[in-house]
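Asker: First the structure, which I've put down as structure tokens, then a few questions once you've had a look.
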Amino acid sequence: MICEECESNEAEKSVIIDGEVKHLCSKCALVTGGVIVEKPSQHQVDESKRMWKVKEILTRSAGLPLNKSIEISKNKTITLDDLRQVNKDKKSSYLLHAENRIKREAAVERNDAEKIVDEAKDIKDEIELIDE
Ligand SMILES: [Zn+2]
């Protein structure tokens, strides 16, 4: 296929640029900075075709990694509340992360504000020196 940018005969990538899909060679695909649409690997194609077990569907919808099995005792069945609890735990961990990030950013801003105040004081001192 012909590259839509440089017209070389090596267009092998589909790239999304400004909402349009263009066929580009790998060099142009990198230079344009668009989103390169990668072909799925054979493994991904196989995964999409296979039938999912109920347990896997539930595990996925709960946002848990597939390879990590949930520990459930034999006489306990999974309920929606169990899944909700998992989501709740996840949400609170997200909230904690967000809170920490805001605190870090606030600390940086406070630091900047202190620097600006210090600079203002220095400027004021310099002006007073000139006035004297
Ligand atoms: Zn090209």
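Asker: Scanning the range 20-45 for residues that are part of a helix (DSSP H, G or I) and among the hydrophobic types (A, V, I, L, M, F, W, C), which turns out farthest from the ligand (Cβ to nearest atom)?
Answerer: The residue in question is 45.
Asker: With 48, 14, 73 as the choices, which residue is at pLDDT 85 or above and either part of a loop (DSSP other than H, G, I, E, B) or at negative phi (or both)?
Answerer: 14
Asker: Among the residues of the range 18-26, are any at pLDDT below 80 and of a type in the set (D, E, K, R)?
Answerer: Within the range 18-26, none of the residues are at pLDDT below 80 and of a type in the set (D, E, K, R).
Asker: Before we move on, is residue 87 among the polar types (S, T, N, Q) and more than 17 Å from residue 62 (Cα to Cα)?
Answerer: So residue 87 does not fit the description; no.
Asker: Under the condition of being acidic (Asp, Glu) and within 11 Å of the ligand (Cβ to nearest atom), which residue from the range 1-19 is farthest from residue 82 (Cα to Cα)?
Answerer: Ranking the qualifying residues of the range 1-19, first place goes to 7.
The values are calculated or read from the model by the stated rules, or taken from the named source; none is laboratory data. Owing to the predicted nature of the structure, the values given are computational and were not obtained by experimental measurement. Cβ atoms come from the backbone with ideal geometry, glycine included; neighbour counts cover every protein chain shown.
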